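The values are calculated or read from the model by the stated rules, or taken from the named source; none is laboratory data. Remember, it's a predicted structure, so these values are computed and weren't measured experimentally. Reconstructed Cβ throughout: ideal geometry from the backbone, glycine too, with neighbour counts over all protein chains shown. Just the protein is used for accessible areas: all its heavy atoms, side chains included, with ligands, DNA and RNA removed. Shrake-Rupley method; radii C 1.70, N 1.55, O 1.52, S 1.80 Å.
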There are 2 protein chains.
Amino acid sequence: MQTQTREEKKRQTRKQLMDAALTLTGSGRHFSSISLREVAKNAGVVPTSFYRHFSDMEELGLNIIDDLGLMLRKLMRTARQHEDYFEAQARNSVEVYAEYVCAHKNYFFFMEQVRTGGSSALRKAIRNELKYFSNELASDIRPLAQLSSTDDTDLDIICQLIVSTVFECTIDLLDHIETNPAYLDTYIEHTLKKLRCVWLGATSWQS
Amino acid sequence: MQTQTREEKKRQTRKQLMDAALTLTGSGRHFSSISLREVAKNAGVVPTSFYRHFSDMEELGLNIIDDLGLMLRKLMRTARQHEDYFEAQARNSVEVYAEYVCAHKNYFFFMEQVRTGGSSALRKAIRNELKYFSNELASDIRPLAQLSSTDDTDLDIICQLIVSTVFECTIDLLDHIETNPAYLDTYIEHTLKKLRCVWLGATSWQS
DNA sequence: TCTTTCAGTCAACACTTGTTCACTGAAAAT
DNA sequence: ATTTTCAGTGAACAAGTGTTGACTGAAAGA
């Protein structure tokens, strides 16, 4: 069954390379300490083939971030439901988030690692994704009456706070979930409490 | 001047090794991609000498975290001033924090890197330092009348939120401060706004 | 059909890596 | 004064690194 066109085959090895890199990062290694040769080997390909797809590891990383971005957008679409009540919306969002983290551990491991420990280009790319996330949130909640006395710049900052509160201890979730699956609920409840606290502040904010 | 006792000399090279590692992390490289040989070379010492002080890079890292812990405690003591008014206390704390970040860039670079991207032992060690930080905060503000309707566990969570809010975008500060020193003020004002928002929520919290 | 394209292979390169071992020489202990 | 201790040296190792250039063979295009 030689049903594979050349283009398909190329896309496939490309994906294998990216998957190999993600698997390695997910297994406790840091992305910046992973060698091109290791990635190639784990993808079942000779080192020189790597160059047919990426010029170096950084470019591989940037492409992973692109995929990560797509995943985050899907996550947002799933979580968004335009409920008016904060509690319901927040609970749903955090649950969806936690679900995604568990379903795509390697991506989130990569993200947490690279956000603070990647090359400056990689850090910047991740920062952009998070910025997009918080901008979306801002335009979602901007119309709410409870936020009418918050001006745009303050709302932006508050949205950054909300986003970083959710993302911030993802690494803790990833660390604990391996040994103790019950931590998932703890994470959800703790995060919700934090969000409630922020929301309480946001709705009584006077710009 | 052979005034150096053997012990002193040893302590000195030990410090040189740790400083070399910190300098390398501060210059954009990730700690986990730095080799033992590089550290030795930058410390002006032969690779084999490294083993007289640390068994491997991870142990070096743990020792750096110990020093980092000492620094954080000093920072806390400087920031703490038992003001009753939130605004004054918060502003002072954030300013002291930002000052420390600028004065000890390498330590904070290392901390940000390792918290999410170090070996699990290193991550755990950093987590402990942050936990200590938020525990101190909790016992500091526990007596405040405005928090009387917040129970202990909720207060803990809120303190984690406060601490992570301050630490969270340290990497952004470190990234921007190189090219644009004016970002320091932006960072301080943004962080203060976030803290005010959290504080507003915390003081109207009902456990 | 013949020619071109190009993902993947193989061998080789100069270099860096962690770790070993036997060593030196001055400070510390006797 | 003599012996012991031990931080730092230097050479050597097996293994891994990024990158090169010339190659193969099947799919795509003519």
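A quick yes/no check of all residues on (1) assigned by TED's automatic domain parsing to the domain that holds A:L147; (2) under 22 Å from the mean Cα position of the chain (by Cα); (3) open to solvent by less than 20 Å² (accessible area, probe 1.4 Å):
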{"position": "A:G26", "(1), (2), (3)": "no, yes, no"}
{"position": "A:K41", "(1), (2), (3)": "no, no, no"}
{"position": "A:V45", "(1), (2), (3)": "no, no, no"}
{"position": "A:L75", "(1), (2), (3)": "yes, yes, yes"}
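If you scan the stretch A:102-112, which residues turn out to be in contact with a helix residue (DSSP H, G or I) (Cβ under 8 Å, 6 or more places away or on another chain) and surrounded by fewer than 22 Cβ atoms within 10 Å (Cβ to Cβ)?
First, the residues of the stretch A:102-112 that are in contact with a helix residue (DSSP H, G or I) (Cβ under 8 Å, 6 or more places away or on another chain): A:102, A:104-112.
Those that are in contact with a helix residue (DSSP H, G or I) (Cβ under 8 Å, 6 or more places away or on another chain) and surrounded by fewer than 22 Cβ atoms within 10 Å (Cβ to Cβ): A:C102, A:H104, A:K105, A:N106, A:Y107.
Of the residues in the stretch A:113-130, how many are under 18 Å from B:V114 (Cβ atoms) and open to solvent by 10 Å² or more (accessible area, probe 1.4 Å)? Give the derivation first.
First, the residues of the stretch A:113-130 that are under 18 Å from B:V114 (Cβ atoms): A:113-120, A:122-123, A:126.
Now drop any that are not open to solvent by 10 Å² or more (accessible area, probe 1.4 Å), which leaves A:115, A:119-120, A:123.
The qualifying residues number 4.
Read through the list (1) in contact (Cβ under 8 Å) with a residue 24 or more places away in the chain; (2) open to solvent by 40 Å² or more (accessible area, probe 1.4 Å); (3) away from every other protein chain (no Cβ under 12 Å); (4) not aliphatic (A, V, I, L, M), then give the number of the only condition that B:F133 fails.
(2)
Among the residues in the stretch A:67-85, are any within 22 Å of A:I171 (Cβ to Cβ), within 14 Å of another protein chain (Cβ to nearest Cβ) and touching a helix residue (DSSP H, G or I) at 6+ places or on another chain (Cβ under 7 Å)?
Looking through the stretch A:67-85, none of the residues is within 22 Å of A:I171 (Cβ to Cβ), within 14 Å of another protein chain (Cβ to nearest Cβ) and touching a helix residue (DSSP H, G or I) at 6+ places or on another chain (Cβ under 7 Å).
Among the residues of the stretch A:101-127, count how many are among the charged types (D, E, K, R) and more than 11 Å from chain B (Cβ to nearest Cβ).
Within the stretch A:101-127, the subset among the charged types (D, E, K, R) is A:105, A:112, A:115, A:123-124, A:127.
Pick out the ones that are also more than 11 Å from chain B (Cβ to nearest Cβ) and you get A:105.
Adding up the residues that qualify gives 1.
Hey, A:V101 hits all of (1) more than 21 Å from A:L184 (Cα to Cα); (2) of a type in the set (V, I, T); (3) within 11 Å of the chain's Cα centre (by Cα) but one; which does it fall short on?
(1)
Within the stretch B:156-182, how many residues turn out to be buried (at least 17 other Cβ atoms within 10 Å of the Cβ), more than 9 Å from every other protein chain (Cβ to nearest Cβ) and free of Cβ contacts under 8 Å to residues at least 12 places away in the same chain?
Number of matching residues: 0.
In the list A:H104, A:H82, which residue meets the criterion of being assigned by TED's automatic domain parsing to the domain that holds A:E178 and at pLDDT below 95?
Values: A:H104 fails: at pLDDT below 95.
Being assigned by TED's automatic domain parsing to the domain that holds A:E178 and at pLDDT below 95 holds for just one of A:H104, A:H82, which is A:H82.
Is it the case that B:A98 is among the small types (G, A, S), more than 14 Å from every other protein chain (Cβ to nearest Cβ) and surrounded by 15 or more Cβ atoms within 10 Å (Cβ to Cβ)?
Values: among the small types (G, A, S): yes; more than 14 Å from every other protein chain (Cβ to nearest Cβ): yes; surrounded by 15 or more Cβ atoms within 10 Å (Cβ to Cβ): yes.
Judged against the criteria, B:A98 is a match.
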